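Please treat every number below as a calculation from the coordinates, not as lab data. Quick caveat: nothing in here was measured; it's all calculated off a predicted structure. Cβ sites come from the backbone with ideal geometry, for glycine too, and all protein chains shown count toward neighbours.
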Amino acid sequence: MHVELRLYASLQKFLPGNSTDNSRSVEMEEGATVKNLLEKFQIPLDAPKVIFLNGIHARGDEVLKNGDRVGAFPPVAGG
């Protein structure tokens, strides 16, 4: 199945070096979870502060379906 992963801000560094934007279409096995997707890109599970699955807040244990969209955001800093 194919899913889309979008990484924002400092998490973009986990995409392959030839990436020109913040998203990647990924082939995953049936039954894979959001956590499995992050592990595939060697993203530490504590790195994203917020994860969305199809625009809805996700915990990581949700099972992915073909065409799903996952977005991961790091903690926001600033003053």
Amide H neighbours of TYR8 under 5 Å, counting only residues 5+ apart in sequence or on other chains, H built in-plane at 1.01 Å?
ALA72
For the chain, what does the helix formula give at 222 nm: sum of -39500 (n - 2.57) over DSSP H segments with n ≥ 4, over the residue count, nearest 500 deg cm²/dmol?
-2000 deg cm²/dmol
Between GLU4 and VAL50, what FRET efficiency follows from the Cβ-Cβ distance if R0 is 25 Å, with the result rounded to 0.05?
0.90
At q = 0.12, 0.17 Å⁻¹, the log10 of I(q)/I(0) for the chain from a Debye sum over equal Cα scatterers comes to -0.30, -0.59
What is the set of long-range amide H partners of ARG69 at a cut-off below 5 Å, with H atoms built 1.01 Å from backbone N?
GLU4, ASN54
Among GLN42, ALA9, ALA32, which residue has its Cα positioned farthest towards the positive end of the charge dipole of the stretch 2-73, with +1 placed on the Cβ of Lys and Arg, -1 on the Cβ of Asp and Glu, and the dipole taken about the Cα centre?
ALA9
Mean Cα-pair separation over length for the chain, i.e. relative contact order, pairs under 8 Å, 6 or more apart, %:
42
